[in-house]
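K.L.:
Quick one: the structure is below, questions incoming.
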Amino acid sequence: MQSFKIKLLGDPTCFLGCNLFRQNGTIWLNQEAYAKKVLVETGFANSKASKLPISSGYKAPAVSTAGEDANKGNKAYSTDIGKMSWLSPKTRPDLALAAVKSMFRYLRGTMKLGIALGSSSNYGENDLHGFVNASHQDCTGGHSTEGYIFFMNDTPISWRSAKQKVVAPIALLKKDGYSSTTKWIDNRYFFVKEAMKKGLIDLVLISGDNNIADWLTKPLAAAKFDKFRAALNLAEPPMALDECRSVEIGLYLNEFDDDDDNSDEIDEDVDEFA
């Protein structure tokens, strides 16, 4: 049997591009350092901050496919989207729906925002709930935009905004049986239906004003967006980034023989960070 010696480095302060802050039973995650780097690379480090990641009434321009300049522009756009794809899915659900330039200006004023794990909950312990919404044929080609966000207690844990392939209304899921008009619906939607019948999940129709996922389907005015962001419970950590130790999480594994007596050394490492 092989054994390994490990060395504990204490609480991590940075992991997979996320800054970690821990205090009084709460862990904050943000990507302030990465956000600063992105703003420098894109030339928005000194730009005026925006209150919205996408302006109300924004319409996506058509993507040009002709000419060398168009190819360069499309490549630059793809690069910018790629930079943000490392940010939004991790700690920033408020950036799930955004326009590139407005997004960078908005990020300029909200770099410290992130997710707080272990904060107080209004729903009780270990409560999983989510919000789903879809706009109506707002994209080129007639597709709608769908969005969802799920919370564990008051903390967002999963979110997405994307074009919708099919539309399956709640009313259809609540009806029993199948018909010739619903055969095209994917089996996964009928899985949801079965889960409802077994009482594993519950679908409740709510108004757009109370649906947190409404922002993920279309741009909103500033007042409505502020309400949406407040519902996400995003927060700034109580300490500054430069106060956080710059030690990366690490684990050193060195194989040693079973006959070697390393227990004292390992115990010392553990006691150091206990």
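K.L.:
Could you tell me whether Thr91 is under 30 Å from Tyr148 (Cα atoms), at pLDDT 80 or above, of a type in the set (S, T, N, Q) and in contact with a Gly (Cβ under 9 Å, 6 or more places away or on another chain)? Walk me through how you get there before you give the answer.
P.N.:
Working: under 30 Å from Tyr148 (Cα atoms): yes; at pLDDT 80 or above: yes; of a type in the set (S, T, N, Q): yes; in contact with a Gly (Cβ under 9 Å, 6 or more places away or on another chain): yes.
When the stated conditions are applied, Thr91 passes them.
K.L.:
Mind checking which pairs have a first residue in the range 21-37 that is in contact (Cβ under 8 Å) with a residue 60 or more places away in the chain and a second that is charged (D, E, K, R), Cβ under 8 Å, 6 or more apart or different chains?
P.N.:
Here the result reads Trp28/Arg22; Trp28/Glu236; Leu29/Lys90; Asn30/Lys112; Asn30/Glu236; Gln31/Lys90; Gln31/Arg92; Glu32/Lys112, each pair linking the range 21-37 to a residue that is charged (D, E, K, R).
K.L.:
Listed residues Ala134, Ala168, Ala195; which is modelled with pLDDT of 70 or more, in contact with an Asp or Glu (Cβ under 9 Å, 6 or more places away or on another chain) and of a type outside the set (Lys, Arg)? First the steps, then the outcome.
P.N.:
On the way: Ala168 fails: modelled with pLDDT of 70 or more; Ala195 fails: in contact with an Asp or Glu (Cβ under 9 Å, 6 or more places away or on another chain).
Only one candidate passes the filter, namely Ala134.
K.L.:
While we're here: Are any residues in the range 3-24 closer than 16 Å to Ala116 by Cα and either among the aliphatic types (A, V, I, L, M) or surrounded by fewer than 12 Cβ atoms within 10 Å (Cβ to Cβ) (or both), and if so, which ones?
P.N.:
Within the range 3-24, Phe15, Leu20, Gln23, Asn24 meet the criteria.
K.L.:
Among the residues of the range 154-162, are any part of a loop (DSSP other than H, G, I, E, B), closer than 22 Å to Asn30 by Cα and modelled with pLDDT of 80 or more? So that I can check it myself, show each step before the final result.
P.N.:
Taking the range 154-162 and keeping what is part of a loop (DSSP other than H, G, I, E, B), we get 154.
From the residues that got through so far, the ones that are closer than 22 Å to Asn30 by Cα too are 154.
Cutting the leftovers down to modelled with pLDDT of 80 or more gives us 154.
Scanning the range 154-162, I find at least one residue that is part of a loop (DSSP other than H, G, I, E, B), closer than 22 Å to Asn30 by Cα and modelled with pLDDT of 80 or more, so the answer is yes.
The values are calculated or read from the model by the stated rules, or taken from the named source; none is laboratory data. As the structure is a computational prediction, the values presented were derived from the model and not from experiment. No Cβ is skipped: glycine too gets one built from the backbone with ideal geometry, and neighbour counts run over all protein chains shown.
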